[in-house]
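First the structure, in the form of structure tokens, and then the observations on it.
The values are calculated or read from the model by the stated rules, or taken from the named source; none is laboratory data. Keep in mind that this is a model prediction, so the values were computed, not measured. Note: ideal-geometry Cβ built from the backbone for every residue, glycine included; neighbour counts use all protein chains shown. These accessible areas exclude ligands, DNA and RNA; they are computed on the full protein's heavy atoms, side chains included. Shrake-Rupley method; radii C 1.70, N 1.55, O 1.52, S 1.80 Å.
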Amino acid sequence: MKTIKVHTLVVGSGAAGLATALQLRKNGVEDVLIATESLDGGTSINTGSDKQTYYKLSLCGRERDSVRDMAQTYFQAGGMHGDHALIEAANSTQAFMNLVQLGIPFPTDDFGQFVGYKTDHDPMQRATSIGPYTSREMCRAMIHEVRRQSIPVWENLYLKELLIKYAPTDGISPEKTDKPRRGRVVGALFFSNSNDWVSIRAQNVVLCTGGPGGLYKTSVYPKVHLGAIGVALKAGAAAQNLPESQFGLASTKFRWNVSGSYMQCIPRFISTAQDGASDEREFLPDFESFPGESLQLTFLKGYQWPFDARKLQKGGKFGSSMVDIWVYIETEIKGRRVWLDFRQNPRGFARETLGDEALRYLENCGVARLQTPIARLEGMNPAAIKMYAEHGIDIAHEPLEIAVCAQHNNGGLAIDAHWESLNIERLFAVGEVAGTHGVYRPGGSALNAGQVGAIRAAKCIAQKPALEYETTTPEIFPLQNVEECEWRETRETLQERMSQFGGFIRRQAPILEALRDTQAQLEKNRAFNMESHRNEHLLVAQKCYLSAINYQISSGVGSRGSAIVLDEAKEAAPDLIMDGMGWRVLPEKDDFRDYVLETWLDSELEAHHRWTQRRQIPDADAWFETVWNKQRAE
């Protein structure tokens, strides 16, 4: 086993990890190492949408905005700590300008104003974009800067475990307490791609490994991205808001969100038999209660792309998230395949059936009189067409297969105002692996959160006193060859389970059964090589996520965020009746918006949960002389 020492270890090389390394250098921490599977891997450099959004404080025009207003937008969604809301708002301009200085060409007008637009759950026009590849270009610019500053990067390393020095328990078994184990991270253990072990001892570890991409079969996470939150959960790090995942329509052959202009050009939704060709039919108009209703809902999906439990139906009118429900029925219940067809207009398409909002938008874009969805998309956003062409899909001449996919986890590891773990000292989490978001989040706020988290973590690390390196030697053993079909079958099974029971439609009884299956698979898993070890991490994470979802349902939270909970009581009157199916959707209990769900594993890997009242937005002392004097004293 190769062993090295480094002051601060950054695990992961997406937008969050690269930003953290650069911020550490900026704060005077010279001894930094980035350990990563691949600089070209991960979510940040491999995902996007029609125009991938970056969210920040408004910097254009007469629209009035403030740090406090932006913090309130975050906070009012529920389930988010107020200090995180304020920090992400207050530091958004600095984080954004860091990217501008690196050369990211965010659009400006003739006067240098950074123009913006409204995104999901955004009351202002705080969103900006450079097109489908915003996060990819962020990564490329930061990789260039990392190389320019000669920050070392070690690729082909796969995280096996975090090395933790646990606090004494004074004879009390940790699993018998109502709090997670406390400890301090002292390094990390990795596999290399040559089946060797690498131990890196560090005074600080920053986990930037992204969301739980490997948990789901129906997913928009890149296939190369599995995530590593299970490693931290197994080590006892507390998590929060794990049930608050985000789901939305995405293409499946090449994984990509079909939000924004992909919907606003109003394509046809068609389904076929499993062969992908026979028995083709257009299905959305079948659900219309008036002519053009499905056209208007399709258009609204562009603005309201994530599935939203509040947008099913109200006052007898359908909301835009019914589109996701109808796609789910076709794919998961009827066993068909669903496609977007940009080649011809949907049934009933006409100016008089589009509705005022859609028609006005298309007219403002100058495409209202164009005769096909692909022509309108070409007029609005030609880069959205080119992006698929670059991946071998010609949406001008072939349909695009889609499904409702897992897209983001608003939860993650529980952290304080400096992005440090609540119970594992000197372990920091930045990016999607950090659970800073609440029930809802504005589109693009995840990119901002990663950049802000890098600023906060680096500043905190730079101020910490130096420590002696621990000499704890991790347990290792020879890695063996295991039949690929064995580990791959395990992974496919766990991914299918998560998509079926931990997706956007949830029922408690099947979740309990899925939990038992997860535990049985975890006990059976033979962790002898790298991929089977990664399966173990995924199974540990799945156990935590499903257990947290079950606890949330048992608490009576109901349907919220990007998931609905069904009450399958036979005597209950259905809320939604579709194709003879009756679903009773449990309403949300709003009181839980003021709480955060914390989850952790004890030393026996048993899951524990508790509701913690969220911290309010701080009323900070903003008197200049007071702040200035305090800063000079530091």
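Here are the numbers for the structure shown:
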{"quantity": "Accessible area per residue, Å², region 67-112 with all protein chains present, probe 1.4 Å", "calculated": "40"}
{"quantity": "Solvent exposure ordering (accessible area, 1.4 Å, most first) of 124, 70", "calculated": "124, 70"}
{"quantity": "Label-zone membership for region 1-21, site residue 467, 7 angstrom Cα→C-beta point, backbone N under 15 Å", "calculated": "5-10"}
{"quantity": "Rounded accessible area per residue of region 407-512, 1.4 Å, Å²", "calculated": "38"}
{"quantity": "Computed [θ] at 222 nm, deg cm²/dmol, the chain (DSSP H ≥ 4; -39,500 (n - 2.57); rounded to nearest 500)", "calculated": "-9500 deg cm²/dmol"}
{"quantity": "Portion, in percent, of the accessible area of region 205-338 that falls on carbon or sulfur, probe 1.4 Å", "calculated": "51"}
{"quantity": "Of all accessible heavy-atom area on region 578-631, the percent that carbon and sulfur account for (1.4 Å)", "calculated": "50"}
{"quantity": "Region 33-166 - Rg (one decimal) and Dmax (whole number), Cα, Å", "calculated": "17.5, 57"}
{"quantity": "Span from the region 274-320 Cα centroid across to the region 76-110 one, whole angstrom", "calculated": "33"}
{"quantity": "Accessible area in the full protein assembly, largest first, 1.4 Å probe, for 192, 278", "calculated": "278, 192"}
{"quantity": "Overall form of region 381-507 per C-alpha gyration tensor (a/c, 1.5; a/b vs b/c)", "calculated": "oblate"}
{"quantity": "Stretchable slack from residue 386 to residue 150, in nm (0.36 nm times residue separation minus alpha-carbon distance)", "calculated": "81.5 nm"}
{"quantity": "Which of 380, 142 is most accessible, then next, and so on - probe 1.4 Å", "calculated": "380, 142"}
{"quantity": "Cα-based helix-to-principal-axis angle, 445-463 vs the chain, degrees rounded to 10", "calculated": "10"}
{"quantity": "Using alpha carbons only: equivalent-ellipsoid semi-axes of region 21-104, gyration tensor based, whole Å", "calculated": "27, 18, 16"}
{"quantity": "Modelled label reach - residue 526, point 7 Å along Cα→Cβ, region 451-495 residues with backbone N closer than 13 Å", "calculated": "480-490"}
{"quantity": "When each of 253/301; 165/464; 459/630; 51/301 is checked by Cα-Cα distance, pairs over 24 Å", "calculated": "none"}
{"quantity": "Cα gyration tensor shape of the chain, rounded if a/c is under 1.5, else prolate or oblate by comparing a/b with b/c", "calculated": "prolate"}
{"quantity": "Span per principal axis, largest first, for the Cα atoms of region 467-622 (Å)", "calculated": "58, 57, 27"}
{"quantity": "Positive-end residue, region 507-581 charge dipole about Cα centroid, Cβ charges, pick of 581, 542, 527", "calculated": "527"}
{"quantity": "Volume per residue of the C-alpha convex hull in region 121-247, rounded to whole Å³", "calculated": "206"}
{"quantity": "Loop-resident sites, region 74-132, for chymotrypsin sites (Phe, Trp or Tyr not before Pro), counting at most 16 other Cβ within 10 Å (DSSP)", "calculated": "111"}
{"quantity": "The chain: angle of helix 530-554 to the longest principal axis, Cα-based, in degrees nearest 10", "calculated": "70"}
{"quantity": "Shape of region 285-397, Cα gyration tensor, a/c cut at 1.5", "calculated": "oblate"}
{"quantity": "Span per principal axis, largest first, for the Cα atoms of region 287-333 (Å)", "calculated": "26, 20, 19"}
{"quantity": "Within region 437-527, GluC sites (Glu not before Pro) in DSSP loop having at most 11 other beta-carbon neighbours inside 10 Å", "calculated": "468, 475, 483"}
{"quantity": "Cut-off 20 Å (backbone N to label point 7 Å along Cα→Cβ of residue 555), residues of region 54-74", "calculated": "74"}
{"quantity": "Dipole in debye (nearest 20) - the chain, about Cα centre, beta carbon charges: Lys, Arg +1; Asp, Glu -1", "calculated": "900"}
{"quantity": "Loop sites in region 90-159: GluC sites (Glu not before Pro), DSSP, at most 15 other Cβ within 10 Å", "calculated": "155"}
{"quantity": "Estimated dipole of region 177-288 in Debye, rounded to 20 [Cβ of Lys and Arg +1, of Asp and Glu -1, Cα centre]", "calculated": "920"}
